[in-house]
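Taking it in order: structure first as structure tokens, then the write-up.
The values are calculated or read from the model by the stated rules, or taken from the named source; none is laboratory data. None of the values given here were measured: they were computed from a predicted structure. Cβ coordinates were reconstructed from backbone atoms using ideal geometry, including for glycine residues, and neighbour counts include every protein chain displayed. Heads up: the accessible areas ignore ligands, DNA and RNA and are worked out on the full protein's heavy atoms, side chains in. Shrake-Rupley method; radii C 1.70, N 1.55, O 1.52, S 1.80 Å.
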Amino acid sequence: MFLSRSVFLSTLLLLLLLLPVNSSRLLKAGAESDLFIEAPVYQNGPECCVPAKQTLICDPSLVHIAMTIDPQYLRGTIAAIHSVLKHGSCPQNVFFHFIASGLSSDVHHYTRTVKSAFPWLSFKVYVFQEKLVKNLISSSIRQALDNPLNYARSYLADMLETCVERVIYLDSDTVVVDDIQKLWNINLRGSRVIGAPEYCNADLAKYFTSDFWSNPEFAKVFQGKKACYFNTGVMVMDLGKWRQGDYTREIEKWMRIQKDKRIYELGSLPPFLLVFGGDVEAVDHRWNQHGLGGDNLVNSCRPLHPGPVSLLHWSGKGKPWVRLDANRPCPVDLLWAPYDLYKFQQPLDRFRFDSL
């Protein structure tokens with residue numbers, strides 16, 4: 001299952017007539033569990049093996065998905081979960097690992113919130129110790145990129161149970177419109193630790209400063225490699241190989257160099273490029289239609305890219321729930337809205353479409 005441009009246009013016309021949108025009521029700390037409706041129960045197809053409850057988290061038939069969870073992006077996280085379950089062939093075999101920052105008391109709060117929307121979901125909430133990266137983070141071009149939780153993906157191998165040897169990492173501003181099992185089953189060949197869509201037409205040089213490229217010791221990290229840009233918001237990660245290679249320490253090494261030498265500007269992405277660039281398993285682009293949030297210009301919309309789509313990603317400054325609440329959605333935001341479980345909805349009373 002995927003979205004073509006014709007399906008997108010048909011869906012858009014239908015949603016213009018039927019789709020409710022969320023009110024501008026804000027999520028309030030401590031009350032999130034009262035703000036989401038309960039999702040339908042999605043059951044396994046006949047071809048699925050049902051995991052054993054007594055050894056659930058280590059069951060080999062599970063698909064493991066890791067996401068961060070926080071108040072600002074909670075609505076997006078809930079929508080992303082909903083989309084994975086709705087389109088999955090074996091939704092009862094999906095296990096979610098939610099990474100939260102803050103105190104251990106937040107675990108109960110987020111557990112209650114997720115259960116309010118998905119009572120039957122298999123998941124666990126972990127607390128990310130921000131002190132691990134607090135002294136390693138250097139300021140970037142956008143303040144939002146400096147959030148310590150953005151760096152939690154580098155610590156999944158340390159945080160998740162050792163029996164979890166593979167995980168799909170998803171950003172909270174994504175929705176999946178295909179069977180997640182297809183992404184899970186990709187083969188990470190040889191020494192490859194990460195699988196992700198690569199974009200080799202992007203200029204890799206722009207992700208690093210002139211001080212980086214003028215230093216032979218730094219620049220040689222890409223020597224002899226065909227390193228391409230990849231977006232770390234959607235990755236298949238072999239945690240077994242990650243632990244063997246101790247790649248968390250490799251990423252930390254580059255973060256320390258960055259603090260001293262200022263070799264890049266863009267948050268948590270460049271260390272991944274430095275450690276894994278040129279040795280990434282290339283995944284079909286349909287699994288990360290990114291950039292749908294638009295660039296940093298106010299009210300900027302992006303169209304869908306040509307070709308089939310399995311995952312939509314609102315990377316960029318604009319988020320669909322914000323634009324929908326303002327009754328000023330981009331066309332692609334109407335593809336996110338059906339997965340939104342936010343309770344307080346009103347009919348759309350006006351539209352503004354920047355581009356198609």
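Going through the range 31-121, which GluC sites (Glu not before Pro) have at most 10 other Cβ atoms within 10 Å and a DSSP loop state?
Loop-located and lightly packed - Glu47.
Would you work out the relative contact order for the range 223-323, in percent, from Cα pairs under 8 angstrom that are 6 or more residues apart?
On the way: 99 pairs, mean separation 25.0, N = 101.
Normalised by residue count, the contact order of the range 223-323 is 25 percent.
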For the range 51-131, dividing by residue count, accessible area per residue (probe 1.4 Å) in Å² works out to 36
Check Met235: other-chain or 5+ apart residues with amide H under 5 Å from its amide H, H built from backbone geometry?
Tyr169
Under 20 Å between alpha carbons, and skipping anything fewer than 8 positions from Lys206 in its own chain: which lysines qualify?
Lys220, Lys225, Lys226, Lys259, Lys261, Lys317
Could you give the dipole magnitude of the range 208-309 about its Cα centre, charging the beta-carbon of Lys and Arg +1 and that of Asp and Glu -1, in debye to the nearest 20?
100
Can you give me the long-range amide H partners of Phe123? Hydrogens built in the peptide plane at 1.01 Å from N, cutoff under 5 Å, separation of 5 or more residues or another chain.
Phe96
Convex hull over the Cα atoms of the range 62-127, averaged projected area in nm²?
4.0
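Can you send over the carbon and sulfur percentage of the accessible area for the range 209-301, probe radius 1.4 Å, protein chains only?
47
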Sticking with the crude label model, points 7 Å out along Cα→Cβ, report the distance from Val221 to Lys182 in nm, one decimal please.
3.4
The Kirkwood hydrodynamic radius of the range 197-248, taken as the inverse of the mean 1/r over all distinct Cα pairs, in Å, comes to 13.2
Suppose all protein chains stay in the model; what accessible area per residue would a 1.4 Å probe give for the range 197-254, in Å²?
50
